[in-house]
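Undergrad: This is the structure, below, for whatever I ask next.
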Amino acid sequence: MAADAGAGHRLRHSQRMNALLDHIDRNLDQTLELASLAERVHFSPFHFHRVFSAWMGETLGDYLRRRRLDVAALMLAAQPHESTVLQIALAVGFGSSEAFSRAFKLRFGQTPSAWRADSPQRWARELAAARERQTRTHRPPPATLSNPDQWQSNPDQAGSPLAGHHAGSSTTEFAMQVKLTQLPPVRVAYMRHIGPYGPGVSRFWQESFLPWLAGQDLGPATCYGIGHDDPSITEPAKCRYDACVAVPPDFQARSPVGLLNLPGGRYAVAQFRGRVQDFSLAWTELLRDWLPASGLQIDSRPVFEQYLPGAQMDPVSGEFSCELCLPIKAG
C-alpha cells in the first residue's frame, strides 16, 4: 500500500514539474524568476531549487539558459532571412545581442551568425548520415503520399539552400511529397518521456501511455506524439517527448497526465509508414531536405506525429503508420 502511495506521489510530482516546463517554454522571452516559478508548483524557493536540480539533472538557471539557446539555435537555422540576431536574442529572453552571442558561442562553439550560415551544410551532413544509416538496413526510405492533388516541392527550386545536395549520398532517392492543410486546434492529455528518442519512446507508448489510455472512456480518438527538442542540438538524455490523446473540453486531468492545447493552423503533412528505426530518416528528410527546398518557413508551434483512430502496428513486420506534421508560417 505504501509503495502504491509513493508511486502516486511521484506521478503527481512529475505532472506538476512537466506543467512548469511547458510554462517556461511558453514564456522564454519573459523574466523567469525562481520565486515565481516555485510558487507555480507550490514549493518554497529553497526546496524548489533542490527539487528541480534533482529532477532535471541541472539547476534551474542552467536549464533556462540551455532552453533559450537551444530554441535560438532552431530559430537561427529555420528562419534564415526573417529575423535578425538581436530579434532572436530578445525572443528567447536575452537583453542584448552581445550577451546572447557570448552565451551562444560558449554552448555551440560558433557565433549565432556563423551557426546560421553553416546550417545548410550542417543539415546536409545530418541528412547524408541518416541516409547512410538507412542504406545499411537495406530498406527504402519510408514516407510518401500518393494523392494526386497533393502539393509537391520542386527539388531544383531556385534559391533552395539544399537543392541538389543529396546527389550520390544514397543509392535510393527520396521523393518527398507533402500536403499543405489547415489543422484544427485540439485539447490533448499527455504523458511525458524524458530521454533519447527512438526505442525508448516506443517502449514508453507500449508500457506507460497505452495502458493508461485503455482505461479511459474516450472511444476512438486521435493520438499525437510531440518531440519538443531537436536531438542534433539537445543532449539525447534531456530530449522531451509527449504521448498525447485528443480529449473533450470537460476532460479532467488526473495523475499521471497533464493537459495542453495543440494549436491549429497551416501544416505540411506527410504520410509515414515504416518501423521505429525508420523514423529518424523520415523526420530528417522532411526537416533537412523537403523544408529548405520548399521555400516555406517553419514557425514556433510544435512539430508532431498524428495517429488517426484505428492506427495499429503490424505485429509481424513492426510497421505502423502516422502523419508527420510541420507547422508552416502563413504566407
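The values are calculated or read from the model by the stated rules, or taken from the named source; none is laboratory data. Model, not experiment: these values are computed from the prediction. Cβ: placed from backbone, ideal geometry, glycine included. Neighbour counts: every protein chain shown.
Undergrad: Just for the range 296-306: of the residues that are closer than 13 Å to Leu180 by Cα and not β-branched (Val, Ile, Thr), which one is surrounded by the most Cβ atoms within 10 Å (Cβ to Cβ)?
TA: Leu296
Undergrad: Could you count how many residues in the range 221-232 are of a type outside the set (Phe, Trp, Tyr) and closer than 19 Å to Asp22 by Cβ?
TA: Of the residues in that region, 7 qualify.
Undergrad: Can you tell me which of Ala19, Ala78 is small (Gly, Ala, Ser), surrounded by fewer than 19 Cβ atoms within 10 Å (Cβ to Cβ) and touching a residue at least 24 places away in the same chain (Cβ under 8 Å)?
TA: Ala19
Undergrad: List the pairs whose first member sits in the range 26-46 and is assigned by TED's automatic domain parsing to the domain that holds Val71, whose second member is of a type in the set (Ser, Thr, Tyr) and surrounded by fewer than 13 Cβ atoms within 10 Å (Cβ to Cβ), and whose Cβ atoms are under 8 Å apart, counting only residues at least 6 apart or on separate chains?
TA: Pairs that qualify, where the first residue is assigned by TED's automatic domain parsing to the domain that holds Val71 and the partner is of a type in the set (Ser, Thr, Tyr) and surrounded by fewer than 13 Cβ atoms within 10 Å (Cβ to Cβ), are Ala38/Ser44.
Undergrad: Moving on to the next point. Out of the residues in the range 313-327 meeting the condition of being modelled with pLDDT of 85 or more and surrounded by fewer than 21 Cβ atoms within 10 Å (Cβ to Cβ), tell me which one is farthest from Gln297 (Cα to Cα).
TA: Going through the qualifying residues, I end up with Ser321.
Undergrad: Suppose we keep only residues that are assigned to a helix (DSSP H, G or I) and of a type in the set (Gly, Ala, Ser) within the range 274-331. Which one would you say is farthest from Ser232 (Cα to Cα)?
TA: Ser294
Undergrad: Sticking with this one: Name the single residue, out of those in the range 214-236 being over 15 Å from the mean Cα position of the chain (by Cα) and in a loop (DSSP other than H, G, I, E, B), that is farthest from Ala128 (Cα to Cα).
TA: Residue satisfying both the conditions and the ranking: Asp217.
Undergrad: Now for a separate question. Right, Pro309: without any contact (Cβ under 8 Å) to a residue 12 or more places away in the chain and more than 18 Å from Val178 (Cβ to Cβ) or not?
TA: The answer is no for Pro309.
Undergrad: Given the conditions (1) surrounded by fewer than 19 Cβ atoms within 10 Å (Cβ to Cβ); (2) farther than 22 Å from Gln206 by Cβ, which single one is not true for Pro292?
TA: (1)
Undergrad: Suppose we filter Phe100, Phe46 for residues that are surrounded by fewer than 17 Cβ atoms within 10 Å (Cβ to Cβ), over 22 Å from the mean Cα position of the chain (by Cα) and among the aromatic types (Phe, Trp, Tyr); which single one remains?
TA: None of the other options fit; the residue is Phe46.
Undergrad: To continue, here is another question. If a residue must be assigned to a helix (DSSP H, G or I) and either over 25 Å from the mean Cα position of the chain (by Cα) or farther than 20 Å from Ala253 by Cα (or both), how many such residues does the range 27-40 contain?
TA: 6
Undergrad: So, one more: Has the range 234-255 got at least one residue that is without any contact (Cβ under 8 Å) to a residue 24 or more places away in the chain, of a type in the set (A, V, I, L, M) and assigned by TED's automatic domain parsing to the domain that holds Ser300?
TA: No: the range 234-255 contains no residue that is without any contact (Cβ under 8 Å) to a residue 24 or more places away in the chain, of a type in the set (A, V, I, L, M) and assigned by TED's automatic domain parsing to the domain that holds Ser300.
Undergrad: Of the residues that sit in the range 249-269 and are of a type in the set (A, V, I, L, M) and touching a Ser or Thr at 6+ places or on another chain (Cβ under 8 Å), which one is surrounded by the fewest Cβ atoms within 10 Å (Cβ to Cβ)?
TA: Going through the qualifying residues, I end up with Val269.
Undergrad: Answer with yes or no whether Gly168 is on the phi > 0 side of the Ramachandran plot, modelled with pLDDT of 80 or more, among the small types (Gly, Ala, Ser) and not assigned by TED's automatic domain parsing to the domain that holds Ala270.
TA: No.
Undergrad: Considering the range 195-213 alone, what residues qualify as being assigned to a helix (DSSP H, G or I), surrounded by 17 or more Cβ atoms within 10 Å (Cβ to Cβ) and within 20 Å of the chain's Cα centre (by Cα)?
TA: Result: Val201, Ser202, Phe204, Trp205, Phe209.
Undergrad: A further question on this structure: Any residue in the range 58-81 that is assigned to a loop (DSSP other than H, G, I, E, B), more than 22 Å from Asp229 (Cβ to Cβ) and either outside the structural domain of Gln297 (by TED's automatic domain parsing) or modelled with pLDDT under 95 (or both)?
TA: Yes, because at least one residue in the range 58-81 is assigned to a loop (DSSP other than H, G, I, E, B), more than 22 Å from Asp229 (Cβ to Cβ) and either outside the structural domain of Gln297 (by TED's automatic domain parsing) or modelled with pLDDT under 95 (or both).
Undergrad: Taking the stated definitions as given, is Gly61 touching a residue at least 60 places away in the same chain (Cβ under 8 Å) and closer than 30 Å to Ser14 by Cα?
TA: no
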